[in-house]
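Written out below as structure tokens is the structure these notes cover.
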Amino acid sequence: MWRPAVIRLDLLSGILLIFLLPAHAQMKDVYIPGIPPPPAPMDPDAGKTAPDQPKLQRHMDLAKLQQEADDLARTAQTIPTDVASVRRGALPKDTIQKLKEIEKLSKRLRAELNP
């Protein structure tokens, strides 16, 4: 048979344990003597903006982006006919320049749309 004093002691220790465990979890950021603090983050931008705040968006000139996308599409449409000419043995002299222009426009569009 259990004595009432033992039951009360078990009950009291259980209640203390229930209340002390959450307090221990909250003390994880408290400095403990003898343990060095964690190193600073390696990311130089860490902590400058709160995660809730959106980063400032760069201003995009949408009309210019649309114009560049149209130029890219127009130039890219001419490449299959140039490749067909190469298969026949004739390389149009502006094909390489067109490919360089496509690459330049593509990089510019990618940089603007993916900051």
*Is there a residue in the stretch 92-99 that is surrounded by 11 or more Cβ atoms within 10 Å (Cβ to Cβ), without any contact (Cβ under 8 Å) to a residue 24 or more places away in the chain and either of a type in the set (Ser, Thr, Tyr) or touching a strand residue (DSSP E or B) at 6+ places or on another chain (Cβ under 7 Å) (or both)?*
yes
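Return yes when residue 61 is acidic (Asp, Glu), at pLDDT below 90, on the phi < 0 side of the Ramachandran plot and within 23 Å of the chain's Cα centre (by Cα) and no when it is not. Working first, answer last.
Numbers: acidic (Asp, Glu): yes; at pLDDT below 90: yes; on the phi < 0 side of the Ramachandran plot: yes; within 23 Å of the chain's Cα centre (by Cα): no.
Answer is no for this residue.
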Evaluate the stretch 65-87: report whether one residue or more is touching a Ser or Thr at 6+ places or on another chain (Cβ under 6 Å), at pLDDT 75 or above and surrounded by 10 or more Cβ atoms within 10 Å (Cβ to Cβ). yes
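Tell me, yes or no, whether the stretch 79-88 has at least one residue that is outside any helix (DSSP H, G or I) and of a type in the set (A, V, I, L, M). So that I can check it myself, show each step before the final result.
Residues of the stretch 79-88 outside any helix (DSSP H, G or I): 88.
Among the residues that remain, those that are also of a type in the set (A, V, I, L, M) are: none.
Among the residues of the stretch 79-88, not one is outside any helix (DSSP H, G or I) and of a type in the set (A, V, I, L, M), which makes the answer no.
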Going through (1) at pLDDT 75 or above; (2) loosely packed, with under 10 Cβ neighbours inside 10 Å one by one, residue 53 fails only at (1)
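The values are calculated or read from the model by the stated rules, or taken from the named source; none is laboratory data. None of these values were measured; they are calculated from a predicted model. Note that each Cβ is placed from the backbone with ideal geometry, even for glycine, and that neighbours are counted across all protein chains shown.
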